[in-house]
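Here, each number is a calculation from the coordinates, and none is a lab measurement. Model, not experiment: these values are computed from the prediction. Heads up, the Cβs are rebuilt from the backbone with ideal geometry, glycines too, and the neighbour counts pull from every protein chain shown.
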Amino acid sequence: MQPTGYESNVPQAGLEESHGRMDAVKEKLGQVGRKLKRIEVRESIVDHPFMAIGIGAALGAIVGLAVPKKERGLVGGAASAMITAIAMRLVREAAFKKLGAMAKDFLHNQSQAEPQYSPAYENR
């Protein structure tokens, strides 16, 4: 098939190769997306609350120490504040939930423990 009109100006060699590369990139991005969907962020935070707080603090420090950017507009600042507040609330809730469960388990184990004999109680 002979190219006609404007198609004759487009180089035909290598087009199939670039389409192959694009397909490979799309496939790789699809694989990454499927892996990200399998990660349960909330469950990970609940399982490791202290690590989540540390990671959040480190990311906040990195973002805060990054090269200063121009001033945000009113809407951008409000959106950033809202996203930050939601993220901090999620992390705080998960951390307190885990700490509460740990405290409950500790107290439950303490109440079921056998009282230990202590000679100091006999002298009273």
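Bridgeable lysines around Lys28 (alpha carbons under 22 Å apart, same-chain partners fewer than 8 residues away excluded): Lys37. Within straight-line reach of Lys35, meaning a Cα separation under 21 Å, sit the following lysines at least 8 residues removed in sequence or on another chain: Lys26. Spin-label model, Ala101/Lys26: points 7 Å from Cα along the beta carbon direction are separated by 4.2 nm.
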